[in-house]
Each structure stands twice: as structure tokens, then as C-alpha cells.
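I have placed the structure first, in the form of C-alpha cells, so that the comments after it can refer back to it.
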Amino acid sequence: MSDRQLISMFTDYFKNEPSHFIRVPGRVNLIGEHTDYNGFPVMPIAIPRYIQAVISPLDGNQVNISNTDHHHEPASFEATIDMPHSPKGNWANYVKAAIQALSSGIRGNQSGMNAMFGGAVPLSAGLSSSSALVVTSALAFLAVNGQKVEPISLAEKMAEGERYVGTQGGGMDQAICLLGKEGYAVKIDFFPLRATYVPFPADYSIIVANSLVRAAKTENALMHYNRRPAECRLAVAVINTLYCHDKPIQRLGDLPEVNGFTSILDNAENFVNDTFSESSYTLTDLAGITGESENMLAEKYLMTRSGQPMPVPSDGFLVRQRALHVFTEAGRVEKSRVALTSGDVESFGALMNASHESCDTLYGLSTPELNALVGIMKDHGAYGARLTGAGFGGCAVALVHDDNLENILSGVKEHYYLGYIPKHRSDLGGFDNFDEVVFPVKPADGGFTELL
Ligand code: GLA
């Protein structure tokens, strides 16, 4: 849908003239998966698939939202810091997430808004459509209130704000939505948030291929996702007991700062093997190591937004595997920055492959469908291929020379969508044309607001 069409839908629906247009990209993470909430860096790109909104201010704090996608029903609510949630899974919660995070910072009388949202970031595909919606809502709410917040600090606020919907995510998605830059991957560090721009080779693209397995962060995947940060927190508890009594670390990413552990990323395997002798831990095991009661551990490390601790996974806490992935993945991000900076696509591709392997075997993020896609893209000459984003479905991505784009795109169509899917997952499908599910991208700019 063009910008013009969105504006005319706004005018037809709200019967007034819009004041601002907002556009925010989705993202592909090139490398650094599940490292952000651990305080280690990530390296995503913003992609030219956008969430857009056309808005106008309203006196008072009423917010009326509508969406060009008829699956997303219109909603109206009052903007307050403690807004009640809409039903679980409802898109209005993402708009509310942004507004409640900003409300306390609005000076003077707060304005509400009319807003028509549209866009083409594929949903539940691991391309960050939800954070793009949160960031779009934030830019919208700031615009109608005549306020500006610097991108870095807005990204931090939105990462916190998105917890309103229940994900214990890190800050990658909100940051890249705002900090993306055409022609560059962005290495993002956290606590505090920092961006380093890394040139992306001009004659290469990233192919994005949707496995068609939904990876909605509000559904089952939310539980699978939230388990990982909890296991990492438990790893931190063990490390603190064993090595960091005097100066406990908060996240795995703090460990390289601790005396004696500065080269942990080069030594991850030995360290993890020495520290975690079991391949699976019960809460009783962890209580024995840390000297804390099981109840105390559950309260400190396993709490969910509902106020209940998350259930103990049937296969136990895989603390060793999670820690090994996080440390080795952090090492790969830095090596990737170096490789891309010197234009060494072969090394970068190999790092992507190693990342996929680790995401699959140590962090349990992949699916048979994602593995099939990764295999097909590599077989057709991709330099590297991996799942992207939270995992449990969604998209695989591959680094491809532009001369080989057509070959890989047609290979994926033939072998995945017309081969693998009908054979193994005939329940999946539901797209009208291939360009919606498999497409090449190059790094795009981050979100912006335009006065109309
Ligand atoms: C989701 C989260 C991010 C990050 C990725 C995994 O997209 O929102 O913060 O943790 O998963 O790398």
C-alpha cells in the first residue's frame, strides 16, 4: 500500500486531516542471537519492509487506532501509565506498550491521537513486526505531543516498554528499528546501548526465506523464549557462587569485565565445561550449588509477569548448553564485525553457519523447516545461512552474492515451498505470491517521522 493510500484511508475513516506520517522498518539479525539480554552484542540490519502510521492529535488522552489489515480490529482507549491490557494477542497491546512507557515523560497536558496503521513487515516471521509496531506507536505518540526523544534513549525506553506484552526480550529489535542505516549492518552493544556501523558489502544481499512456521511472540513461542533468559540467569547464579562472590555479575556479558575472565570468549568451552558439569539441572541441583532454597531460586530467577514462576522444563534447565552458546556467539559477533569491515565475506559466511549450528544444538531455537531452508540455501551457493531472530519458526537468512540471487531464490522455491512443504508440512501455506515469503534485502535506514 502506498503512503498516499494510507493517508486517504486515514481521512476516510477518521474524517479529519492527518498531521504526521511515520515509517519504521523490520529487521534481520545477521548474527548474535539471544545475546542481547545477556549483555553481549548483536549485529542486525534494518530491512526495507515497513510498519507505517498516519496520525493526528486529539485533545484529551483518547487514542483511536485502526489498521489496514482487517484482522486487526479498531480499538479505542485512554492513554494512561497504567492502562489495562487488551485481550492477549491483540495488536492494541503493542500500541499501549509504547504509550505507557512514554506517558510519564510527557510534559504538560497530554494529547491523544487518531492513528491509521499499515505496513508490510511479515507477521510472526521473526522479522520484528511487533517491535516495529511498538516503535511506530512511540514515534506517533511523541509527534502528537510535540516531543522528541533521541533514538538511543527511545530504543532503551521501548525495549523496557515492550515487556508490557510479556516478552523478557533484550533490546536489539527496538534499537535496530531506530538506528538502522542504508548500506550498513549495526553492531549494537547493550548496558548502555551503543551502535557501531559496519559496512555491508555493496554487491551482496541477504535472502530472507519464511519457513511459514509461525513464531508469534505472544503464543507458544513466548514460553519457549522466556525460558532461555531464565536459564541464563540461573547460569549467572552458579557463576556468582563459584567465582564472583565479592563482585557478583548481573548478566553473562559482565563476565569479561571480571578479573581473571577477560579472555573468556576465547576460552568458552573450557570455562563452561569446568563450571557446569551436568548437561541438565533440576532446581534441587541448582539449590545445592548456590546454597539458596528452591523457592528463593524460583522467586529470583523464574518469575513471569503473571506473578507465578515459570514451570520447570520437562528436560530440566540446560544451563551449560545455554551458557556455551551465549559465550561462543558473542565471540562470533566480534569476529563478524572484523570480517565484514575487511570485506571478508567467506569468513563472515562461515560464522553465520557456525551460529546456526549453535542456535540449533545448544540453544534449541531451530526447527526441521528452518534447517531445511538453511541447507537448501547453502547447497545453492550461499556464503552462509542461519535462522534469524528469536527462533522456533520464522525466517532463515542467507548471505548471497548478487550474481547468484536468482539461482538461490529459484532453488528455495523449488526445493522448499514446492518440495519440502507439500511433502512434510502440507498444513502450512497461505501465501499469494512467492515475493511475500522469500525475498532479497539490503540494509535500510531506521524509522522516521514526517510532518504532512
Ligand atoms: C527476539 C527479542 C530480541 C532478541 C532475539 C533473539 O527478537 O525481541 O531482543 O533476544 O529474539 O536474538
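The values are calculated or read from the model by the stated rules, or taken from the named source; none is laboratory data. A quick note: this is a predicted structure, and the numbers were derived from the prediction, not measured. As a convention, Cβ positions derive from the backbone with ideal geometry for all residues, glycine included, and neighbour counts pool all protein chains shown. Note: areas computed on protein heavy atoms with side chains; ligands, DNA, RNA excluded. Shrake-Rupley method; radii C 1.70, N 1.55, O 1.52, S 1.80 Å.
Which pairs do you get when a residue that is within 11 Å of the ligand (Cβ to nearest atom), found in segment 123-137, comes within reach of a residue that is among the polar types (S, T, N, Q) and assigned to a helix (DSSP H, G or I), reach meaning Cβ atoms under 7 angstrom, with the pair 6+ apart or on two chains?
As it stands, the answer is Ser131/Gln174; Val134/Gln174, since those pairs meet every condition given.
Can you tell me which residue among Gly26, Gly118, Gly112 is more than 16 Å from the ligand (Cβ to nearest atom) and in contact with a Gly (Cβ under 9 Å, 6 or more places away or on another chain)?
Answer to the selection: Gly112.
If a residue counts only when it is crowded, with 24+ Cβ neighbours inside 10 Å and touching a Lys or Arg at 6+ places or on another chain (Cβ under 7 Å), which strands (runs of 3 or more DSSP E) contained entirely in segment 1-108 have at least 3 such residues?
20-31, 43-58
Say we look at segment 152-161 and pick out the residues that are open to solvent by less than 10 Å² (accessible area, probe 1.4 Å) and within 14 Å of Tyr94 (Cβ to Cβ); which of these is farthest from the ligand (Cβ to nearest atom)?
In this case the residue turns out to be Gly161.
Restricting the search to segment 29-62, which residues are in contact (Cβ under 8 Å) with a residue 60 or more places away in the chain and away from the ligand (no atom under 16 Å from the Cβ)?
Within segment 29-62, Pro48, Tyr50, Gln52, Ala53, Val54, Ile55, Ser56, Pro57, Leu58 qualify.
Which ones in segment 372-402 are more than 16 Å from Phe439 (Cβ to Cβ) and either among the β-branched types (Val, Ile, Thr) or without any contact (Cβ under 8 Å) to a residue 12 or more places away in the chain (or both)?
Selection gives Val374, Gly375.
Which of (1) in contact with a His (Cβ under 8 Å, 6 or more places away or on another chain); (2) open to solvent by 30 Å² or more (accessible area, probe 1.4 Å) is the odd one out, the single condition Val326 does not satisfy?
Here Val326 clears every test but (2).
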